1. Sort out for me the Cα centre separation of the range 111-135 from the range 153-195, rounded to whole Å.
2. Could you please report the charge total around His81, scoring K, R as +1 and D, E as -1 over all other residues with beta-carbon less than 11 angstrom from its beta-carbon?
3. Could you tell me the accessible area of Ser244 in Å² (1.4 Å probe, neighbours in place), rounded to the nearest ten?
4. If I model a spin label as a point 7 Å beyond the Cα along the Cα-Cβ vector, how far apart are those points for Val161 and Ser40 in nm?
5. Sticking with the crude label model, points 7 Å out along Cα→Cβ, report the distance from Arg241 to Glu92 in nm, one decimal please.
6. Loop only by DSSP, 16 or fewer other Cβ within 10 Å of the Cβ. Give me the GluC sites (Glu not before Pro) in the range 110-188 that pass, ordered by residue number.
7. Using a basic spin-label model with each label point 7 Å from the Cα along Cα→Cβ, how many nm lie between Asp62 and Leu219?
Amino acid sequence: MEHTPTHPVPLHAPHSHSHHLTVSPCPSHCPAQLRVVAPSLRVTAIVGQDVVLRCHLCPCKDAWNSDIRWIQHQSSGFVHHYQNGVDLEQMEEYKGRTELLRNGLSDGNLDLRITAVRSTDSGSYSCAVENGDGYAEAVVNLEVSDPFSETIYPWKVALGVVVPLLLVAFVVIIAFLYRKQAAQIRELMRRSTMLEELLLEAVRRDAHMKDIVAKLGNLHEKMERMDAKLEKQDAALGGQREESEKHGQEKW
């Protein structure tokens, strides 16, 4: 297994064009034991582009009759599975998007093309080979960036939490103030109604008092007339008494 620390490799290929790293086939230092060699640099791509993940056998030999598996580390599923000239089952996410470049198999190249890469394609891939000489594998790292995706900053996350909480608090305060104001308005209306009733009662009592005063005034006038009549009657009776007394004295 050949795997060294990875470093980003910039990609300047246009949209929908393949991007790959060149690996020199059959280096002179290959040991006799079967190995798989992968590039030491991380492969980079932009969402929507095609990318080629490269690795090769060392020592170089024909890989047409080998069992070749490209495996995604995150899911441990087959990105592409080739065996004796036949493409076998693979993960649903990669169906129709992968191709083992067979024109290089005779030289020991195990290159895999992934078309229209997605952000979810980022990660590590194992290129595993098994044949009559044994088993070997290497790791290729792929980083897919999306320039149109918005970077999520911590302050934005915090803002997304704080703003709804502030809105809820604002609604609660508004509802509380509305209820309080409604209660105050109801109390003012109740007091206004009571005051109106008191004023109406005072008006009724004032009218009643005026009626009583008028009646008392009428009664007073009647009593004055009666007093004047009684005085006249008393004066008349007094004159009659004097008259009678006078007549009585003359008879005697």
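The values are calculated or read from the model by the stated rules, or taken from the named source; none is laboratory data. Note that the structure is predicted; figures quoted are calculated from it, not measured. Neighbour counts run over all protein chains shown; Cβ positions are idealised from the backbone, glycine included. The area values use the complete protein model at the heavy-atom level, side chains included, leaving out ligands, DNA and RNA. Shrake-Rupley method; radii C 1.70, N 1.55, O 1.52, S 1.80 Å.
1. Using only Cα atoms to place each centre, the spacing works out to 59 Å.
2. Residues close to His81 contribute a combined charge of -2.
3. Taking all protein chains as shown, Ser244 has close to 80 Å².
4. A separation of 4.3 nm, rounded to one decimal place.
5. With each label placed 7 Å out from Cα toward Cβ, I get 13.7 nm.
6. Sites meeting the loop and neighbour criteria: Glu150.
7. 14.4 nm
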